Structures are given as C-alpha cells and as structure tokens.
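What follows is calculated from the coordinates using simple rules that are stated; it is not laboratory data. As the structure is a computational prediction, the values presented were derived from the model and not from experiment. For neighbour counting, all protein chains shown are included, and Cβ atoms are generated from backbone atoms with ideal geometry for every residue, glycine included.
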Amino acid sequence: MKIIDKINQKLKEGQTFFSFEFFPPRTEEGVENLFERLDRMVTHAPIFCDITWGAGGSTADVTLDIATRMQNQVCVETMMHLTCTNMQVEKLESALKEVKKVGVQNILALRGDPPKGQEKFEAIEGGFSCALDLVKYIRKEFGVYFGICVAGYPEAHPDGIVDDPDQMNKNYWADIAYLKQKVDAGGELIITQLFYDVDLFVKFVADCRSVGITVPILPGIMPIMTYGGFKRMVGFCKTKVPADIMETVEANKDNDEAIKNFGIELGVKMCRQLLEAGTPGVHMYTLNLEKSAVAILERLGLVDTARVPKPLPWRHVPSGTAR
Ligand code: FAD
C-alpha cells in the first residue's frame, strides 16, 4: 500500500502517527540483529519503516534484501531510499523492478551525495543529475505504482548554506522552488533533513505552503545518542544547533548516559512543539537503535511499551530462508 494513502487515512481520523528509519548494517550478523530489533519495534505500529540506500550505492544489495524482508516478513509498510550516485539509469531501473516484484510500493527518491573524494555532485554517464530526474523517471516508467517521497531541507541543502545572509536567503528559496518541482513531478510526501531548531521547521513548512506545496511534510527527528555521533552529523549536515542545546551537550560530553537522557528529553520537547504546531506525525531517525526513539514516543503517549504484544517467535526468518 502507498504510505500517502495510510497518512491520508490518519489525517482524516485526526490520529498522530510516527515512522522509523533504519540503515543497512555492514555485516550479516548486524542485519540479523536489525531484524530482531525491527520485530520488536513494529509491535508499536509505526505507519511505515524505511531503509536507506548506502552512500554511492555501496549497500545496494543489502538495502534491496532488507526492504524485501521488511515488507514481506516483518510485514510493515516499507519505503526504500534510492539515490542517483554512481547509478546508471539501467541500474536504477533494475532496482525499481526488483522491489516492485516483491511488493515494495514506496520509494524515497534522492540525488545522493557526491562519491567519496569528490566535492560536487556530477551525473555519471547515463545517470541522472538530481532527484527531480529520478522522480520524473519513476513516474514515466512505472506510472502510479510507486508512492514517491522526496527530501526537504528546513535550513536549505548543505550545498546552499553560506555565510552571506542575502545569498543564503536566495539559496533557501531556490531550494523551495526546486522542492515544488519535485512535488509537481510526482513527490507525494516530504521528509526533512534532521534539525534541532523547531522554529526553523515551522517556518519551512509555512514557506513551502506559501509557494503551493500542499503534500504532508514530516519532520526528521534524530535523537542525540552520543556526543561523537551528534557532532559528526551536525557538522556534515551543517545543522544549526541552538546555543542552549550545544551548551548542554558540551557540558556532558564525557557522560554517555547523561547525553542519551538529554537526547530523549530534547526529542520529547521538540516533538511536542511540532505536534502542537500542527505537524501530523514524526519520522524517527533511529540509527538502528531502539531505546531513544521508543522512549521519546512513549513519553509523548504515542506508544505504550507495557501493552504491546511480544513479537511472534516464527516471524523472524533469517535471510535466504524460503518463505
Ligand atoms: P536534490 O533534491 O536533487 O537537490 C540537491 C540540491 O541541489 C538542492 O540544493 C537543490 O535545490 C539543488 N538542485 C538539484 N537540482 C536542481 C535543479 N534542477 N534546479 C535547482 N536546484 C537544483 N543519502 C544517501 O546516500 N542515502 C540515503 O538513503 C539518504 N537518505 C536521505 C533521506 C532524507 C530524508 C534526506 C533529507 C537526505 C537523505 N540522504 C541520503 C542525503 C541526500 O542524498 C543528500 O542530501 C544529497 O546531497 C541531496 O539529495 P536530494 O535528493 O535532496 O537532492
């Protein structure tokens, strides 16, 4: 089923929803651990789960395998990310055909980052240069089979984040105009880059609405779990971190437990503000971990860990086992 249809149903019923994002682990053991965790996490009834496409297509086979198992064994509505980096059109076509064959009906269509060692994104020969090309291609070649989601950037895409405020403003609005093109070409849902300043997200949604983008916009929430991981991520994405948040993180940099607890507290506070501002649901970047994401949702009253059923023992079927 298309995620957008599930979301529209929730919107009609006035129900808040959430989703979980995972990335493909590097080892087979990691994949099996992920599935054990997924089996537990889906008992909380996320509206969908998604699996990322490794940078530059580095994990294509694992992503495809995980997407297949998520949809058919874990039985959760699944969205697979797909990027254009290092992918000729034939490779994109074959990945899309493969997931279509196994019943995955949702794609997050992305450009991807430039390959390692390359600063600017450049289309490879026979490949696409941006997410818009991919959205158009999916609609042209696969009609309305796939539900298409696209990425949005409340602080502008990192390539457009510059010191000059006038230029920054221009880049921000150019990004929004381009996002509108992605939506007009077939994007039915937007998931945003992580952020830690809720006001920026609220402004971004209002700005998107002002140019006629009407599709749901889900905030990407990345709970702070470790000092190093947080610093790496906000550095890479050029995320603005409000001073009080940065101060607390820095003050607790050597206390893992305190960082994790602060991450949960902050996640709860941000999600509450977002829901109060009218956001219909939240998208949790789980980083393949369970505790922080579930603790945030539990404190928001969106899950009740005391009441969920235990995962069924037969549901976990290792890779390669016939269904
Ligand atoms: P695009 O939408 O193509 O845009 C990138 C930038 O280029 C924007 O600034 C845009 O305005 C500009 N641009 C591009 N084309 C045009 C045009 N024709 N006219 C005007 N401006 C243009 N990366 C992965 O490798 N794997 C993943 O699974 C993954 N998942 C992600 C999920 C989310 C929710 C987000 C927000 C990001 C994810 N990324 C992932 C990172 C993403 O690949 C990078 O941010 C990448 O640099 C841009 O991808 P995009 O799809 O946003 O690109």
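Tabulated data for the structure shown
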{"read-out": "L289 paired with K170, simple spin-label distance in nm, labels 7 Å along Cα-to-beta-carbon", "value": "4.1 nm"}
{"read-out": "Alpha carbon convex hull of region 138-209, volume per residue in cubic angstrom", "value": "95 Å³"}
{"read-out": "Sequence-distant residues sharing a close amide H with T59 (under 5 Å, placed H)", "value": "G54"}
{"read-out": "Loop chymotrypsin sites (Phe, Trp or Tyr not before Pro), region 112-172 (other Cβ atoms within 10 Å of the site Cβ: 14 or fewer; DSSP)", "value": "Y145"}
{"read-out": "Selected from R139, R307, R37 as most flexible by GNM, with the chain as the system and alpha-carbon contacts under 10 Å", "value": "R307"}
{"read-out": "Region 170-216 pair-distance distribution - Cα-Cα, 5 Å bins, rounded %", "value": "5, 20, 33, 28, 12, 2"}
{"read-out": "Listed residue pairs exceeding 21 Å between alpha carbons, taken from K2/K100; K180/K231; K6/K310; K140/K180", "value": "K180/K231; K6/K310"}
{"read-out": "For region 28-101, fraction of C-alpha pairs farther apart than 20 Å, in %", "value": "30 percent"}
{"read-out": "Space enclosed by the convex hull of the alpha-carbon atoms of the chain, per residue, Å³", "value": "144 Å³"}
{"read-out": "Magnitude of the charge dipole, region 105-233, Cβ model with Lys/Arg +1 and Asp/Glu -1, debye to 20", "value": "380 debye"}
